[in-house]
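S.K.: Take this structure, written in structure tokens, and hold onto it; I'll ask about it next.
The values are calculated or read from the model by the stated rules, or taken from the named source; none is laboratory data. Everything numeric here is computed off the predicted structure, so don't read it as measured data. Virtual Cβ from ideal backbone geometry, glycine too; neighbours counted across all protein chains shown. Note: accessible area is taken over every heavy atom of the protein model, side chains too, but ligands, DNA and RNA are not part of it. Shrake-Rupley method; radii C 1.70, N 1.55, O 1.52, S 1.80 Å.
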Amino acid sequence: GAVVSQHPSWVICKSGTSVKIECRSLDFQATTMFWYRQFPKQSLMLMATSNEGSKATYEQGVEKDKFLINHASLTLSTLTVTSAHPEDSSFYICSARPPAPRGTGELFFGEGSRLTVL
Amino acid sequence: AQRVTQPEKLLSVFKGAPVELKCNYSYSGSPELFWYVQYSRQRLQLLLRHISRESIKGFTADLNKGETSFHLKKPFAQEEDSAMYYCALSGPSGAGGYQKVTFGTGTKLQVIP
């Protein structure tokens, strides 16, 4: 299968600071990546779709200025949580699909990044 | 709008007992349905998809368009099946590329030895 990697796996920051999370597709090019947020014992909530070379598409209710997404290359998307607050503490997961013909619609997930805001 | 419903947050069964994880969906069209699994301390991974009609680790799932369901079944549960299971729906892939994937709330399967 394809490989998607996230970094860092966990991060602790002070309230008011910004945190950047990277998502890389290691063995395929991804024009689109997806960012999810997972609350404890709850489902994955799609936050935004990251598009290479263009603006991200945010889901309803997700603050664009709070969660900045940059998809600067075909293998890297970044999520920056700006002016983080304790309520932003969560598990953030990225995913991507290899393009056709290799891809069959299956999503490959990163290992996730746990953010704790003090 | 697309929606996926998994009514059970937790399902506990004894080893060797049959398992059925329920999933219902709402989608105006022909969706692609998936089951993803997350074992303890591992990342999410695909278990199976309705298109392939295959059995993975003894699990099967049949798409019932009349009931808009995609229940996951296994005749005999094993301890290693204990995990979090997510049903997911995507619009059909086409010339426009892949559609976004919507996940259900997940069901934790606990297999009791």
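S.K.: Let me spell it out: the conditions are (1) open to solvent by 40 Å² or more (accessible area, probe 1.4 Å); (2) farther than 20 Å from A:H7 by Cα; (3) at pLDDT below 90, and A:F39 meets all of them except one. Which number is the exception?
M.R.: (2)
S.K.: Still on this structure, I have one more. Which condition number in (1) in contact (Cβ under 8 Å) with a residue 24 or more places away in the chain; (2) hydrophobic (A, V, I, L, M, F, W, C); (3) closer than 24 Å to B:A88 by Cβ is the one that A:V62 fails?
M.R.: (1)
S.K.: Which one of these is under 25 Å from B:Q45 (Cβ atoms) and hydrophobic (A, V, I, L, M, F, W, C): A:V4, A:V81, A:V19?
M.R.: Every option except A:V4 fails the conditions.
S.K.: Every residue in region A:58-72 that is open to solvent by 70 Å² or more (accessible area, probe 1.4 Å) and either in contact with a Ser or Thr (Cβ under 6 Å, 6 or more places away or on another chain) or more than 12 Å from chain B (Cβ to nearest Cβ) (or both), please.
M.R.: Those that are open to solvent by 70 Å² or more (accessible area, probe 1.4 Å) and either in contact with a Ser or Thr (Cβ under 6 Å, 6 or more places away or on another chain) or more than 12 Å from chain B (Cβ to nearest Cβ) (or both): A:G61, A:E63, A:K64, A:D65, A:L68, A:N70, A:A72.
S.K.: Looking only at region A:91-118, count every residue that is crowded, with 19+ Cβ neighbours inside 10 Å and away from chain B (no Cβ under 14 Å) and tell me the total.
M.R.: Number satisfying all stated conditions: 2.
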